[in-house]
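Shown next, in structure tokens, is the structure this report addresses.
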Amino acid sequence: MLKPAPHAATVPASGIREIVDLAMQAATPVRRLEIGEPDFPTPAHIVEAAFDAARVSTSYVQSAGMPVLRNAIIERLGERYGLDLALPEVVVSQGAVGAVSALISIVAGPGDEVLIPDPAWPNYEMQALLAGATPTFYPLRPEAGFLPDVAEIEALLTPRTRAIVINSPGNPTGAVMPRSDVERVVALAAARDILVISDEVYDEILFDGEPANAAGFDRDHVASVFSFSKTYAMTGWRVGYSVIPRSLSAPFASVLETTLSCVSSVTQAAALAAITGPQDQVAAMRTAYRRRRDLAVGLLREAGLDIGTPAGAFYLMIPLADGADSRAAALDLVRQGVALAPGSAFGANAPHHLRMSLAAHDDDIAAGVRTFLDWRAATDGGLRVARAGSAG
């Protein structure tokens with residue numbers, strides 16, 4: 001019998017996708033609040049640009065991305081963040097996930113360590129393991145508003161540390177790191193010649209605080225990763241982009257070439273229309289996410305829950321009773337008609353939380369909160385839910 005290589009066998013399955021699969025297969029309708037999938041359609045001018053491009057050409061393009069798109073990204077980042085970038089520093093990837101995976105594989109391998117927040121998007125850990133590296137976790141504690149303690153990050157650094165991942169605004173927490181903390185993390189990394197991978201895919205979904213703009217502090221030790229997915233409701237188009245140190249630009253492009261050859265020319269044309277076209281729908285979506293955040297937070301606080309207000313992204317962490325099993329709770333809630341992601345899917349520091357996505361319609365959020373509150377009252381905050389087989 002064929003067996004996977006040892007490093008591949010260590011990559012865990014996604015706890016988010018477990019709930020996604022159950023919700024999609026449910027015999028009765030389920031309100032989908034478990035995944036970061038904007039409920040808005042991709043703006044029409046972006047779709048039309050893709051149709052126009054497909055009629056002209058569907059050939060291979062540059063592995064690092066079409067220069068016209070990369071130059072438009074340079075202009076956008078210059079206007080928004082004051083970055084003065086050259087073409088080799090900007091690379092287009094298969095979504096942000098492709099960029100993070102490539103970056104980790106370039107700088108880390110067997111025997112190396114990658115520092116990752118906990119809780120966090122689970123793909124960071126999965127990608128580190130796939131590269132043969134060891135993920136080391138720094139805590140984002142609920143009582144600290146899910147913000148990191150930079151001193152704790154520093155204490156975890158070893159001679160084997162090759163990368164530090166930061167994410168602001170954060171998934172799953174919605175927390176926004178103070179710029180002073182971002183600068184301190186970058187300074188720690190630069191002093192030790194470590195790469196900071198700054199996941200900034202929610203940079204346009206910011207309600208309070210400032211964007212991370214980590215590359216603005218040190219262009220030699222920071223890779224800032226962005227995506228069209230959340231900003232423009234383009235999750236299925238699979239286009240991301242990164243600002244990377246020049247020393248990594250050639251190997252980065254080579255890794256992309258070996259894994260995907262190039263990002264689709266058609267979707268890159270759509271991304272070009274997105275970044276150069278009208279931005280009013282970006283603002284409208286951000287306003288809607290803020291409204292939905294306030295709706296969910298208000299309903300939960302009215303019910304007596306101690307809920308923090310996320311400063312960005314479109315997620316909300318909901319506490320269960322101490323000792324409750326978030327996976328068992330999420331499985332059981334699917335049977336009640338609402339899908340939420342278990343905190344355990346994001347690491348060890350939020351085992352008694354559920355993540356609610358605020359990317360769904362207001363009515364679904366309100367109804368989902370009511371279903372959760374009824375379930376919470378019937379189960380003592382989730383304590384009565386069986387620890388296994390809840391969705392069987």
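For a quick check of your reading of the model, give me the residue pairs whose first member lies in the stretch 148-169 and is without any contact (Cβ under 8 Å) to a residue 40 or more places away in the chain, whose second is surrounded by fewer than 19 Cβ atoms within 10 Å (Cβ to Cβ) and of a type in the set (Asp, Glu), with beta-carbon atoms closer than 6 Å and at least 6 apart or on different chains.
From the stretch 148-169, the pairs are Val150/Asp181.
Within the stretch 134-162, how many residues are more than 17 Å from the chain's Cα centre (by Cα), among the hydrophobic types (A, V, I, L, M, F, W, C) and over 16 Å from Ala348 (Cβ atoms)?
Final tally of qualifying residues: 5.
From the list Ala131, Ala99, which one is under 30 Å from Gln62 (Cα atoms), assigned by TED's automatic domain parsing to the domain that holds Ala64, over 17 Å from the mean Cα position of the chain (by Cα) and hydrophobic (A, V, I, L, M, F, W, C)?
The conditions single out Ala131.
Kindly evaluate Arg291 against the criterion of being surrounded by fewer than 20 Cβ atoms within 10 Å (Cβ to Cβ), under 26 Å from Leu83 (Cα atoms) and outside the structural domain of Ser198 (by TED's automatic domain parsing).
Numbers: surrounded by fewer than 20 Cβ atoms within 10 Å (Cβ to Cβ): yes; under 26 Å from Leu83 (Cα atoms): no; outside the structural domain of Ser198 (by TED's automatic domain parsing): yes.
No.
Out of Ala155, Ala131, report the one residue that is among the small types (Gly, Ala, Ser) and in contact with a Ser or Thr (Cβ under 6 Å, 6 or more places away or on another chain). Break it down into steps so the answer makes sense when it comes.
Numbers: Ala155 fails: in contact with a Ser or Thr (Cβ under 6 Å, 6 or more places away or on another chain).
The match here is Ala131.
Between a first residue in the stretch 301-319 that is closer than 14 Å to Leu373 by Cα and not assigned by TED's automatic domain parsing to the domain that holds Pro178 and a second residue that is crowded, with 21+ Cβ neighbours inside 10 Å and of a type in the set (Asp, Glu), which pairs have beta carbons less than 9 Å apart while being 6 or more apart in sequence or on different chains?
Hits for this filter: zero, empty list.
Against the definition (in contact with a strand residue (DSSP E or B) (Cβ under 7 Å, 6 or more places away or on another chain), aliphatic (A, V, I, L, M) and in the same structural domain as Gln127 (by TED's automatic domain parsing)), how does Ile74 come out, yes or no? So that I can check it myself, show each step before the final result.
On the way: in contact with a strand residue (DSSP E or B) (Cβ under 7 Å, 6 or more places away or on another chain): yes; aliphatic (A, V, I, L, M): yes; in the same structural domain as Gln127 (by TED's automatic domain parsing): yes.
The answer is yes for Ile74.
Could you list all residues from the stretch 244-278 that are touching a strand residue (DSSP E or B) at 6+ places or on another chain (Cβ under 9 Å) and over 25 Å from Ala49 (Cβ atoms)?
Ile244, Pro245, Leu248, Ser249, Phe252
So if I check each of Thr173, Thr259, which one is among the hydroxyl-bearing types (Ser, Thr, Tyr), in contact (Cβ under 8 Å) with a residue 12 or more places away in the chain and not in a loop (DSSP other than H, G, I, E, B)?
Working: Thr173 fails: not in a loop (DSSP other than H, G, I, E, B).
Of Thr173, Thr259, the one residue that is among the hydroxyl-bearing types (Ser, Thr, Tyr), in contact (Cβ under 8 Å) with a residue 12 or more places away in the chain and not in a loop (DSSP other than H, G, I, E, B) is Thr259.
Could you list, in sequence order, all residues of the stretch 140-158 that are crowded, with 19+ Cβ neighbours inside 10 Å and either touching a Pro at 6+ places or on another chain (Cβ under 8 Å) or part of a strand (DSSP E or B) (or both)?
Listed by number, the residues that qualify are Leu140, Phe146, Pro148.
How many residues does the stretch 102-126 hold that are over 16 Å from the mean Cα position of the chain (by Cα), of a type in the set (Asp, Glu) and not in a strand (DSSP E or B)?
Residues that pass the stated criteria total 1.
Arg355 passes all but one of (1) at pLDDT below 95; (2) touching a Pro at 6+ places or on another chain (Cβ under 6 Å); (3) of a type in the set (D, E, K, R); which number fails?
Every condition holds for Arg355 apart from (1).
Could you count how many residues in the stretch 141-168 are over 22 Å from His221 (Cβ atoms) and not charged (D, E, K, R)? If you could, list the steps in order and put the result at the bottom.
Let us first name the residues in the stretch 141-168 that are over 22 Å from His221 (Cβ atoms), namely 141-146.
After this cut, where a residue has to be not charged (D, E, K, R) as well, the list is 142, 144-146.
Of the residues in that region, 4 qualify.
Quick check on my filter: what residues within the stretch 159-168 are under 22 Å from Leu206 (Cα atoms) and part of a loop (DSSP other than H, G, I, E, B)?
Here is the first cut: in the stretch 159-168, the residues under 22 Å from Leu206 (Cα atoms) are 165-168.
Scanning the stretch 159-168 gives a single hit, Ser168.
I'm trying to understand the selection: among the residues of the stretch 206-225, which are surrounded by 22 or more Cβ atoms within 10 Å (Cβ to Cβ) and of a type in the set (A, V, I, L, M, F, W, C)?
Ala212, Ala214, Ala215, Val222, Ala223, Val225
The values are calculated or read from the model by the stated rules, or taken from the named source; none is laboratory data. None of these values were measured; they are calculated from a predicted model. Note that each Cβ is placed from the backbone with ideal geometry, even for glycine, and that neighbours are counted across all protein chains shown.
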